[in-house]
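Below: the structure, in structure tokens.
All of the numbers you see were taken from the coordinates with simple rules; none came from a lab. None of the values given here were measured: they were computed from a predicted structure. Heads up, the Cβs are rebuilt from the backbone with ideal geometry, glycines too, and the neighbour counts pull from every protein chain shown.
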Amino acid sequence: MGFIIRDAVKTDMPQVLALIQELAVFEKEDDAVEITVEDLVADGFGAVTKFHCFVAEKEGSIAGMALIYPRYSTWKGAIIHLEDLIVTEKMRGSGLGTALLNKVVQYGHELGVKRISWEVIDWNEAAIKFYESKGAKVMRDWDVVQLNEEGMHTYLNNL
């Protein structure tokens, strides 16, 4: 294996941002990342934390990460959302993704959450097979709905 999974610290955020940018390129959204290292530090390590992050470290470098945050289901109660599980391309297939997912599931179990949920892009069959092999249910009959800043502005202007 040769890697360790641990809680992220502030000084990991430049490498975490690099992983986020790598994912954006993989998902063909090269210019979509707006967040900065400063945002990640403030949101993950400020007075009110908005997320928790685990990193996979190999030889002093971050080779993967899993970023989660709390949510609430009106049907189930407390849940967590896995925003991203990212493994560098050269480390895919090394067991690092499994180790990160294991950590997220253990963390959720310790918190007593009723569910862990996340999205996966529909053309990423390798990720879909990976998640299904771990017992996750990929719900292909649901669509993700988002309202971005511009959409919120338009919405509010039309009230």
Measure off 7 Å from each Cα along the Cα-to-Cβ vector at residue 146 and residue 6, then give the distance between these two points in nanometres to one decimal. 3.2
Looking only at lysines whose Cα falls under 28 Å of residue 76's and that sit 8 or more positions away or on another chain, we get 50, 103, 114, 129, 134, 137
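So if I take the alpha carbon set of the stretch 4-118, get Rg, then get Rh from the Kirkwood formula, what is the Rg over Rh ratio?
On the way: Rg = 14.1 Å, Rh = 14.6 Å.
Answer for the stretch 4-118: 0.96.
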Taking a straight Cα-to-Cα line shorter than 20 Å from residue 28, and setting aside same-chain lysines fewer than 8 residues away, one finds 90
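At a Förster distance of 41 Å, what's the computed FRET efficiency of residue 125 paired with residue 61, Cβ-Cβ distance as r, to 0.05? Before the final figure, lay out each step's value.
Values: r = 28 Å, r/R0 = 0.68.
Between residue 125 and residue 61 the formula returns 0.90.
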In sequence order, what are the phi-derived ³J(HN,Hα) couplings for the stretch 75-81 according to the Karplus relation 6.51 cos²θ - 1.76 cosθ + 1.60 with θ = phi - 60°, rounded to whole Hz, with x for glycine and proline? 9, 10, x, 5, 9, 10, 10
Ranked by GNM mean-square fluctuation in the chain (Cα springs under 10 Å), the top entry among 86, 121, 68 is 121
Gap in Å between the Cα centre of the stretch 109-159 and the Cα centre of the stretch 1-71? 18
What's the extension gain from residue 22 to residue 98 if we count 0.36 nm per residue and subtract their Cα-Cα distance? 25.5 nm
